[in-house]
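Here the structure is laid out as structure tokens; the discussion comes afterwards.
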Amino acid sequence: MPLHVLRHPLAAHILTHLRDRTTRPATFRTLAYQLSLMLTLEATRDITTEEKSIETPLEPLQSHVLASPPLVVISILRAGLSMVPPFTDLFPDVAVGYIGLERNHETARARSYYCKLPPLGGRHVFVVDPMLATGGSASQALDVVKQHGATDVRFVCIVSSPEGIAAVENAHAGMRIHTAALDQALNAKKYIVPGLGDFGDRLYGT
Ligand code: PRP
Ligand code: URA
């Protein structure tokens, strides 16, 4: 499976502070933005461009711009919201979709509570959620975006587990995954270890 793990000294530095239990929500949000921006650049490295003729102040030039239709980023609520701003900052025409999923703390199974998606056919679609633990939420969200017509889909996360990667691979063979970290395993409560705890709680101070 195309698994892309972000390798950059700055990413390692940011991740260390994100993982640190003493990091407060305001700093956590800034760090999540910075790391998501690096992931966004990696995940969009091969998006389509088209030729455009312009004139520089010195001479005519055949150059390149982003092709239309614009990208789509889909946030798995709630923690995925932290990964949307780099897309909207870098790609002003990006369309944004939302899928609301909440993991039951006892069973670790995700319950769907919301879905609002733009047209997905023929577009580069990026599903974002910082944590890929059991892979249940990601697999469910990827089912939904495929049912809505997406064919070119990538999953972007900050911390992943081997179990989560395997689950997505089983349910969605060939899915391209971008992650900033591939951790050791899940613990008995299905939290990623070493991980960083509950991302949504740390992001929003809940
Ligand atoms: C977290 C996380 C993922 C999910 C990962 O969300 O943001 O969506 O858990 O776990 P999984 O791979 O085992 O499905 P959570 O359900 O805690 O909701 P939240 O974003 O509202 O905090
Ligand atoms: N969701 C989180 O926020 N963290 C984990 O470790 C697992 C699921």
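Where strands (runs of 3 or more DSSP E) fall entirely within the range 105-161, those with at least 2 residues that are open to solvent by less than 40 Å² (accessible area, probe 1.4 Å) are at 124-128, 152-160.
Within the range 1-41, being among the aromatic types (F, W, Y) and more than 15 Å from the chain's Cα centre (by Cα) holds for one residue alone: F28.
Among the residues of the range 31-75, those identified as β-branched (V, I, T), surrounded by 14 or more Cβ atoms within 10 Å (Cβ to Cβ) and out of contact with any strand residue (DSSP E or B) (no Cβ under 6 Å at 6 or more places or on another chain) are T40, T44. When every residue of the range 41-51 is checked against the conditions, none turns out to be in contact with a Ser or Thr (Cβ under 9 Å, 6 or more places away or on another chain) and farther than 20 Å from R123 by Cα.
For the structure I just gave you, tell me whether L203 is surrounded by 15 or more Cβ atoms within 10 Å (Cβ to Cβ), assigned to a loop (DSSP other than H, G, I, E, B) and not small (G, A, S). It is false that L203 is surrounded by 15 or more Cβ atoms within 10 Å (Cβ to Cβ), assigned to a loop (DSSP other than H, G, I, E, B) and not small (G, A, S).
With respect to S63, determine if the residue is within 30 Å of Y191 (Cα to Cα) and among the small types (G, A, S). No; evaluated as a whole, the condition is false for this residue. Filtering the range 164-192 to residues that are of a type in the set (A, V, I, L, M) and more than 26 Å from L37 (Cβ to Cβ) leaves A166, A167, A171, A173, A185, L186, A188.
Can you confirm whether the range 182-195 contains a residue that is open to solvent by less than 10 Å² (accessible area, probe 1.4 Å) and away from ligand 1 (no atom under 13 Å from the Cβ)? Looking through the range 182-195, none of the residues is open to solvent by less than 10 Å² (accessible area, probe 1.4 Å) and away from ligand 1 (no atom under 13 Å from the Cβ).
Please indicate, with yes or no, whether at least one residue in the range 91-99 is among the aromatic types (F, W, Y) and farther than 23 Å from A11 by Cβ. Within the range 91-99, one or more residues are among the aromatic types (F, W, Y) and farther than 23 Å from A11 by Cβ. Report yes if D89 is in contact with a helix residue (DSSP H, G or I) (Cβ under 8 Å, 6 or more places away or on another chain), in contact (Cβ under 8 Å) with a residue 12 or more places away in the chain and within 12 Å of ligand 2 (Cβ to nearest atom), otherwise no. No.
The values are calculated or read from the model by the stated rules, or taken from the named source; none is laboratory data. The model shown is predicted, which means the values in this text are computed figures rather than measured ones. Backbone-built Cβ (ideal geometry, glycine too); neighbour counts: all protein chains shown. With ligands, DNA and RNA removed, areas are computed over all heavy atoms of the protein, side chains included. Shrake-Rupley method; radii C 1.70, N 1.55, O 1.52, S 1.80 Å.
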